[in-house]
Every structure is written in structure tokens, then in C-alpha cells.
Amino acid sequence: MPDDTPEFSAVTGDRASRPISRRSALKAMGLGGATILVGASGAASYRVFDNGVLDAGSGAPYDAWSQWRDDDSPKGAVGAAILAANPHNTQPWIFHVTDRSVDVFADPSRDMPAVDPYRREHHVGLGCAVENLVLGLGARGFRAEVKWLPDPADETYVAAVAFEPAPVSTSSLHEVIGDRHSNRGPYRAQRVPRTVLEGLSAHVAESPDVQLRWLASDSDREAMSALILEATEAFIDDRGQSEESFSWFRNSRDDIDKHRDGPTLDAQGFSTTTLTVAKLLPASSRSAGDRFWLDQTRTVHTATAAAYGIITVPGGDHVTDRLQAGRVLQRIHLAATADGLALQHMNQVTERIDRERQLGLPATFAPRLQDLVAQPGRGAVVAFRLGHAIRTARPSPRRPLGAVIR
Ligand SMILES: Cc1cc2nc3c(=O)[nH]c(=O)nc-3n(C[C@H](O)[C@H](O)[C@H](O)COP(=O)(O)O)c2cc1C
């Protein structure tokens, strides 16, 4: 797949006619000429080393992506579980492995109280991990049975995944566990056929309480894009959400090596050139990062979304429903990967809905999302965009198994 493609494109426009220059891209990043000169005058070689310019996606923080099949035992399936999508790459999980089950616990120290005050995404991410775990156990010759919230006295004990020997069961979903990444780059001006969307919807069938709503028409996509943009602005205007989000961003290779979590520059979907320049420059401030995120959301993420998907559950507030929604979300992301499609989770709207509720603010987003989803009695849990990628996504770091198996 070509990499040094123009930074920006639009589903409805001509990709080649809409590139913006690197200069404007850097300006949009809040990085002016002065900082570029500093980089060019000697600090650059230090940044090449310090910021991992030459080793994007390699080294110990990325080992999990190549080692997830190495161990045939049930414990090895945890290596698949930790590759799951999860909010802000907080990896909010702890696993306990016995000879009959893998118990999955939430790690409350990895909460995001301003971004995710009701732990909606936290629980969805745990559901994603359980899906990979079940697929990983199946491929190792173990049939798994999931019991959600097995101990009412311990809310962190989210799932007991009991297993017993069975014939090996592999699937196309299992095969792409190590290839699935969140793709935040531009997507092609190419619609996803309705039959393909319906094929992805089939993965919801196993979970009767979970439903998937596609927004693929021009008017639905425009309405969702507008809502996402407005929610992004509200998010960055909210100091608590902005600061908390920024605190998880890993700006240097040192940070990545130390924490092995959080979003990184490598995972932002940039071309190689932009990524290299961004890494050479001094780290962005929070406000410059926020402005850049808003700009990317406007000119890349929403502008090139071929379709949006929204996962809903009854009511929207039950932990079990969210865990189940996470399993479905992970299946859809894996199925999209197997179909050669790109997917980016986009949850600014639900994050603002929860934040308005937490702060007792008027509900400005909830009724509009509800109207768009048009499923009375059901609540949106997570949303994502889908399309044909222009660039391959790069992997994000993972903590080692030793840090999450206890
Ligand atoms: C519940 C949930 C919410 C997420 N929300 C967003 C989001 O709003 N924007 C985004 O770019 N990525 C979002 N993500 C993707 C995560 O940031 C991503 O899964 C994580 O950084 C790990 O990267 P990977 O998916 O490439 O392995 C979300 C993921 C989950 C499971």
C-alpha cells in the first residue's frame, strides 16, 4: 500500500485534488517554522534517537503482536486477549489463569474518570479482550464458556472464562488478531457495499441484546460527522477531559518503552514523511495537540468515513450489556480486518453524553444521537467509522503478559 500519499482526502471529493502541503499540516499541528529550525540545527539527531524515528512499531513494546501464537497453553490465549482494542490504549485488564478458567478483572487504576466517568468504554474494552481470549482458547483446542460478573460482591471481576478440551477451532477472525489495528489515517473515496455491511452485521447475531446501526447514506454520514465535530470541540474545551486524554499520550520513545500503553504518534495514521517530521519536532503542547486532533477529525476522520457504525444495547447502562457490546465490537473489527477494511473507533459523542450527565449539564448530545440512531428504548454504547484505507495502520504498544497476569 502506498505510504507517502496526500495527507487528506474526502469520500465525496477527488483525493488527488485535495492534498494540503506538509507546511500546512505542520501548521495544523501547531508547529511553526521556528521549531522546525531548532530541529534542523542539531537537536534533530537527538530526537531521531529519543523519539524512535527509526524504530516505529518495533522493539519490546510491540513484541506482543508477533508472539501471540507462541504459547499453546490456555495462558497463551491471554497473549491474544491483550491485543484487543481498548479505550485510549489504557489496557484496563488483569488476568488470573487456573487449570480450568481464565478470570478477567478490571484494573480500576486504569480508569479515565473525566473521559469515561461511567466506565462505559472501560467495560467495552474488557469485552473486546474477552472476545480475543475466547478465540485464542478455541484455536488452542479449548471450548470456552463466559460468565459475566460471576461475583456480585466484586465489581472488578468482570468475567470467568471456563474452558475444557475440545477440537481445535480456528476462524478467519482468529487468524487476523495480530493484523487488527485502529486506522486513523485517510480512507479512500470508495463506498463499502451494503452486502459487506450486512456481512459485518451478522457478527451481532450471537448476542441478541446487542444491535448494530449503520449510518451509510450521505445525509446520515453528514449528520454523524457534524455531531462528532461538535463533540470534539466540546471535549477540548473541557479542561478535565482534555488534560486526562493528554496524560495518556506517549510522546517519546522513552515514554513508550516505560509505559507500553497509551496512544502514540505512530498510531495516528500519518504518512511516513509526516510521522518522521512530527517525531523530530519538539513534543506538542496539550492545546496544540487538541487543535491538531480537531483538524484531523474535520479533514481526515469524518471527511473520509465511508460509513459509521453504532453499537446499541437496551437502555444502555448495564455493565453486562457493555461487556457483551465489547465482544461484538471486537468481532466486527476483526471481521472488517479480514475483509480488508479499515476501522477507527470514534467516541467523542458518547464521551460528551456521559460528561454532561456527570457534571449535571444540559443534555445537548444525547437527544441528537438518539434521533440519529432511531432505535427507541436503546442506547448507543460505541461508534466507529469504516472504509478502505489509504495507508496500513501501525501497531500500538502493549504491556507484557507478566504485568497483566497475576
Ligand atoms: C471502547 C473504545 C473506545 C475507543 N474510542 C476511541 C476514540 O474515540 N478515538 C480513537 O481514535 N480510538 C478509540 N479507540 C481505539 C483505541 O484507542 C485503540 O483500540 C487502542 O489505542 C489500541 O490500539 P489498537 O486498536 O490499534 O490495538 C477506542 C477503543 C475502544 C475499545
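All of the numbers you see were taken from the coordinates with simple rules; none came from a lab. On a predicted model such as this, the values are computed, not experimentally measured, just so you know. Here the Cβ is made from the backbone with ideal geometry for all residues, glycine too, and neighbour counts use every protein chain on show.
Note on region 223-284: Cα-Cα pairs beyond 15 Å make up 63% of the total pair count. Taken over the chain, lysine pairs spaced eight or more positions apart, or on distinct chains, with alpha carbons under 25 Å apart number 4. Computed from the C-alpha gyration tensor, the three semi-axes of the ellipsoid equivalent to region 295-403 are 25, 19, 15 Å, from longest to shortest. Under a Gaussian network description of the chain, with springs only between Cα atoms under 10 Å, the residue in V313, V130, V176 that fluctuates furthest is V176. Taken as Cα centroids, region 89-146 and region 162-207 sit 18 Å apart, rounded to the nearest whole angstrom.
Order 248-254, 163-169, 391-397, 118-124 from most to least packed using the mean count of other Cβ atoms within 10 Å. Could you put the intermediate results ahead of the total?
Values: 248-254: 18.6, 163-169: 12.4, 391-397: 21.4, 118-124: 24.4.
My ranking of the peptides, most packed first, is 118-124, 391-397, 248-254, 163-169.
Projected onto their three principal axes, the Cα atoms of region 53-131 cover extents of 44, 37, 18 Å, largest first. Put simply, region 177-268 fits an ellipsoid with semi-axes of 30, 20, 15 Å; these come from the alpha carbon gyration tensor as the roots of five times its eigenvalues, largest first. Given the options L294, L280, L359, state which has the largest fluctuation in a GNM of the chain using a 10 Å cut-off (strictly under) for Cα springs. Comparing L294, L280, L359 in a Gaussian network model of the chain, the most mobile one is L359.
Computed over the Cα atoms of the chain, pair by distinct pair, the Kirkwood hydrodynamic radius stands at 21.6 angstrom.
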